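Below: one structure, written as structure tokens.
The values are calculated or read from the model by the stated rules, or taken from the named source; none is laboratory data. On a predicted model such as this, the values are computed, not experimentally measured, just so you know. Quick reminder, even Gly has a Cβ in these numbers, built from the backbone with ideal geometry, and neighbours come from all protein chains shown.
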Number of protein chains: 2
Amino acid sequence: MLGSAAELLEQKNIKPTAMRQLVLDILRNNPQAISLLEIEQQLGHVDRSTVFRTLKTFQENCIIHKIDDGTGATKFALCSEGCSCNLGDLHAHFYCTKCGQTTCLKDHLIEQPVLPEGFNFESANYVIKGICADCR
Amino acid sequence: MLGSAAELLEQKNIKPTAMRQLVLDILRNNPQAISLLEIEQQLGHVDRSTVFRTLKTFQENCIIHKIDDGTGATKFALCSEGCSCNLGDLHAHFYCTKCGQTTCLKDHLIEQPVLPEGFNFESANYVIKGICADCR
DNA sequence: AATTGAAATGCAACAGGATTGCAAATTTAC
DNA sequence: GTAAATTTGCAATCCTGTTGCATTTCAATT
């Protein structure tokens, strides 16, 4: 992995403010996808809207991607190195109905779907639900 | 298609109340998936919670299925005839980023995914985003 | 037809997450 | 050092989903 959070941010031309470094560190230390609320709680006394905007910035710069796992709370996970948030980087996600954890299935790439005539593909959100290995 | 909404409801052993018939008619007349709010608006002065519970009943009886298309509002669409809401009936959905319509891609069935060791499949939500045929 | 019990409805209120406006603070450029 | 731009914090709001409870409707039974 790359160096510090600050370095990673600068590399993407994002001002490495304290908040951003903290949020990025959390995302980097978390193996699974996490929600805004979870980030908030891990940080302690931070402002939700600031974290919200930080995550927005990260998404716009392909540092993280968002996952709608159906729980109502959007989750976020770090992009892989070299990710350009294009079709080739799209992968499925797994939501464990027991522990509530959402995992990137980076090996389960999403291939360009066959669509009806006239339909145009842009992106996709594929969430598989079940019980994860830890919960069995 | 089967006869009246009332007949369809009775066939599923659901009391065909006025509300239920109205909601079912809307769902049957709508080619695309619609949200609770849209149903509410099409009906006029009805109570949200009643429609909500009606939709819940319909889901429990495999009359409709719900789709989380990432807009924040859950949408609902009529099940096909013979649907038993099992794996074999799972299909992808298409969300148009221009008009906001969500369409069932009934031909695009979801096949049992290959998961990492120890992971157990239950269900899946696959939403493809792009521009629909009408919006090009 | 009246009584009773169950189911359905309407109303109100609330919960949770996402999002915005605005002012204060911080950073950057000149 | 000052002005402009960016970022942050706070408060408020929107939107959707959901529940509690009293009332109404319906169906079965006497």
- Task: Pull up the range A:1-46, narrow it to residues that are away from DNA strand C (no atom under 11 Å from the Cβ), within 17 Å of the chain's Cα centre (by Cα) and small (Gly, Ala, Ser), then point me to the one that is nearest to the other protein chains (Cβ to nearest Cβ).
- Result: A:ALA33
- Message: Checking the structure you have, find out if any residue of the range B:40-49 is surrounded by 15 or more Cβ atoms within 10 Å (Cβ to Cβ) and within 11 Å of DNA strand D (Cβ to nearest atom).
- Response: yes
- Taking the residues in the range B:80-112 that are among the β-branched types (Val, Ile, Thr) and in a loop (DSSP other than H, G, I, E, B) as candidates, determine which candidate is farthest from the chain's Cα centre (by Cα). B:THR97
- Message: I'm checking my understanding of the structure. Among residues of the range B:15-29 that are free of Cβ contacts under 8 Å to residues at least 12 places away in the same chain and more than 8 Å from DNA strand D (Cβ to nearest atom), which one is surrounded by the fewest Cβ atoms within 10 Å (Cβ to Cβ)?
- Response: B:ASN29
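Just to be sure, is B:LEU9 surrounded by 14 or more Cβ atoms within 10 Å (Cβ to Cβ), modelled with pLDDT of 95 or more and outside any loop (DSSP other than H, G, I, E, B)? Steps first, answer last, please.
On the way: surrounded by 14 or more Cβ atoms within 10 Å (Cβ to Cβ): yes; modelled with pLDDT of 95 or more: no; outside any loop (DSSP other than H, G, I, E, B): yes.
Here the answer is no, as B:LEU9 does not meet what is asked.
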- Message: Can you pull out every residue in the range A:100-136 that is more than 9 Å from every other protein chain (Cβ to nearest Cβ) and on the phi > 0 side of the Ramachandran plot?
- Response: A:GLY100
- Flag if B:VAL127 is β-branched (Val, Ile, Thr), free of Cβ contacts under 8 Å to residues at least 12 places away in the same chain and farther than 30 Å from B:ALA18 by Cβ: no
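Among the candidates A:LYS98, A:LYS75, A:LYS66, single out the residue that is touching a strand residue (DSSP E or B) at 6+ places or on another chain (Cβ under 6 Å), over 25 Å from B:GLU117 (Cβ atoms) and more than 16 Å from DNA strand D (Cβ to nearest atom).
The unique qualifying residue is A:LYS66.
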- Could you tell me whether any residue of the range B:67-74 is away from chain A (no Cβ under 11 Å), touching a Lys or Arg at 6+ places or on another chain (Cβ under 8 Å) and at pLDDT 95 or above? no
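Would you call B:LEU115 over 13 Å from the mean Cα position of the chain (by Cα), surrounded by 15 or more Cβ atoms within 10 Å (Cβ to Cβ) and assigned to a loop (DSSP other than H, G, I, E, B)?
It is true that B:LEU115 is over 13 Å from the mean Cα position of the chain (by Cα), surrounded by 15 or more Cβ atoms within 10 Å (Cβ to Cβ) and assigned to a loop (DSSP other than H, G, I, E, B).
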- Provide a single number: the residues in the range B:47-86 that are closer than 14 Å to B:LEU8 by Cα and within 10 Å of DNA strand C (Cβ to nearest atom). 1
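Name the residues in the range A:41-79 that are part of a helix (DSSP H, G or I) and out of contact with any helix residue (DSSP H, G or I) (no Cβ under 8 Å at 6 or more places or on another chain), would you?
Here is the first cut: in the range A:41-79, the residues part of a helix (DSSP H, G or I) are A:41-43, A:48-60.
A:GLN41, A:SER49, A:ARG53, A:LYS56, A:GLN59, A:GLU60, listed by residue number.
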